[in-house]
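Below: the structure, in structure tokens.
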Amino acid sequence: MNSTRDSHECLFLQTFWDYIIHEFGGLVTCPFFPVLLAFSGYICFSFPFALLDVLGEQCHFFYKYKIQKKTRPTVKMMCLCIWRSVFNHVVYVLPMVMLSWVCMPPLALPSEAPSVYTLFGEVFGCLLLFDFQYFMWHVLHHKNKWLYKKVHAVHHKYVAPFSWASQNLGGYELMAIGFWSNNNPIALGCHPLTSWICNLLSIWMSVNDHIGYDFPWSLSHILPFRLYGGALAHDLHHQRPEKNFAPFFSHWDLIFGTSCYIENSG
């Protein structure tokens, strides 16, 4: 009975998972795959909004939703952020991946895909855990002046965020984020597909936090009770660094009284 139930639950994703294993098994088991996935996501998710920033008022339909209309990122600012991301990955991330590869060889992929419900639950659980971890880390690095100056101030270089600035981070901060992103699914016993989706989704949510546009169709306006912070909440954090510490959801800011929300007036 259990075998039949599991077979029905996995039916939706099993074909896709079988294709991944047979066609790309060598690639997805490579220890560099999560890095490639995350960096590719950063480039793909950021580029459309970078183009929108360059076009500016020429694309009025979208640009009218820009939060800080008086401040536009320059191409030079964008290039500096991309360069910092490349530098951090080469200097910090890749050596750590190689060290991890030597100390802990990759495990064989499971033959069965997770059910849709399992996948959703695991992804949501990983995001909630990361949200709590980064909230506490973020508060600490704002409250402690030495940590802020030495570690987190890099990210606050721009008061008006833009998409590429999501990875304008110091090496230590990037390593902390990467550690949680990669190890939370392992600690929770999640399926590899969960880890990859969660990795990519986290990058998308991080870029979305920094785009500098408050679109009416954004997730922050779709979910009730402002449970998802989104671009406006994080934009306000860059303007008012003592507010809106959570990276994705808003419940911890509401609990600790650090939530701030105002209507976007441009």
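Projecting the Cα atoms of 186, 258, 113 onto the dipole axis of the range 110-266, where Lys and Arg carry +1 and Asp and Glu carry -1 at the beta carbon, places 258 farthest toward the positive end. The listed peptides 41-54, 155-168, ordered by packing as a protection proxy, come out as 155-168, 41-54 (highest mean of other Cβ atoms within 10 Å first). Here the Karplus relation 6.51 cos²θ - 1.76 cosθ + 1.60, evaluated at θ = phi - 60°, turns the backbone of the range 68-83 into coupling constants of 10, 5, 7, 10, 10, x, 8, 4, 4, 4, 4, 5, 5, 5, 5, 4 Hz, with x for every Gly and Pro. The Cβ shell under 12 Å around residue 160 holds other residues with a net charge of +3, Lys and Arg each +1, Asp and Glu each -1. Residue-wise HN-Hα couplings along the range 160-169, as the Karplus relation 6.51 cos²θ - 1.76 cosθ + 1.60 with θ = phi - 60° gives them from phi, are 9, x, 9, 3, 5, 6, 4, 10, 7, 10 Hz; Gly and Pro carry x. Compared with the rule-of-thumb size 2.2 N^0.38 Å for a compact globular protein, the range 183-266 has a Cα radius of gyration ratio of 1.19. Basic side chains Lys and Arg get +1 at the Cβ, acidic Asp and Glu get -1 at the Cβ, and with that the dipole of the chain about its Cα centre reaches some 1260 debye. Amide H to amide H distances under 5 Å link residue 249 with 229, where only residues 5 or more positions off or on other chains count and H is placed in the peptide plane. For residue 52, what is the net charge nearby, where nearby means another residue's Cβ is under 12 Å from its Cβ and Lys, Arg count +1, Asp, Glu -1? Every neighbour counted, the sum reads +1.
With all protein chains kept in place, the per residue accessible area of the chain amounts to 55 square angstrom at a probe of 1.4 angstrom.
For the options 133, 239, 58, a Gaussian network treatment of the chain with springs between C-alpha atoms closer than 10 Å singles out 58 as fluctuating the most.
Using a Gaussian network model of the chain in which every pair of alpha carbons under 10 angstrom is joined by a spring, one finds that among 170, 26, 56 the greatest mean-square fluctuation is at 26.
Considering helices alone, the calculated mean residue ellipticity of the chain at 222 nm is -20000 deg cm²/dmol, with DSSP H runs of length four and up weighted by -39500 (n - 2.57) and normalised per residue. When you have a sec, figure out the Kirkwood radius of the range 50-89 from all distinct Cα pair distances and drop it here in Å to one decimal? For the range 50-89, inverting the mean 1/r across all distinct Cα pairs yields 11.3 Å.
Assuming a ≥ b ≥ c are the square roots of the Cα gyration tensor eigenvalues, decide whether the chain counts as rounded (a/c under 1.5), prolate (otherwise, with a/b larger than b/c) or oblate. Prolate, because a/c is 1.5 or more and a/b exceeds b/c.
Shape class for the range 2-114, computed from the alpha carbon gyration tensor (a ≥ b ≥ c): oblate, with a/c not under 1.5 and a/b at or below b/c.
Taking a ≥ b ≥ c as the square roots of the Cα gyration tensor eigenvalues, the range 82-224 comes out oblate, since a/c reaches at least 1.5 and a/b does not exceed b/c.
Computed from backbone phi, the HN-Hα couplings of the range 54-64 come to 5, 5, x, 5, 5, 10, 4, 4, 8, 5, 5 Hz, rounded to whole numbers (Karplus: 6.51 cos²θ - 1.76 cosθ + 1.60, θ = phi - 60°; Gly and Pro given as x).
The values are calculated or read from the model by the stated rules, or taken from the named source; none is laboratory data. Just so it is clear, the structure is predicted and the values come from calculations on it, not from any experiment. Note: ideal-geometry Cβ built from the backbone for every residue, glycine included; neighbour counts use all protein chains shown. These area figures cover heavy atoms from the full protein model, side chains too; ligands, DNA and RNA do not enter into them. Shrake-Rupley method; radii C 1.70, N 1.55, O 1.52, S 1.80 Å.
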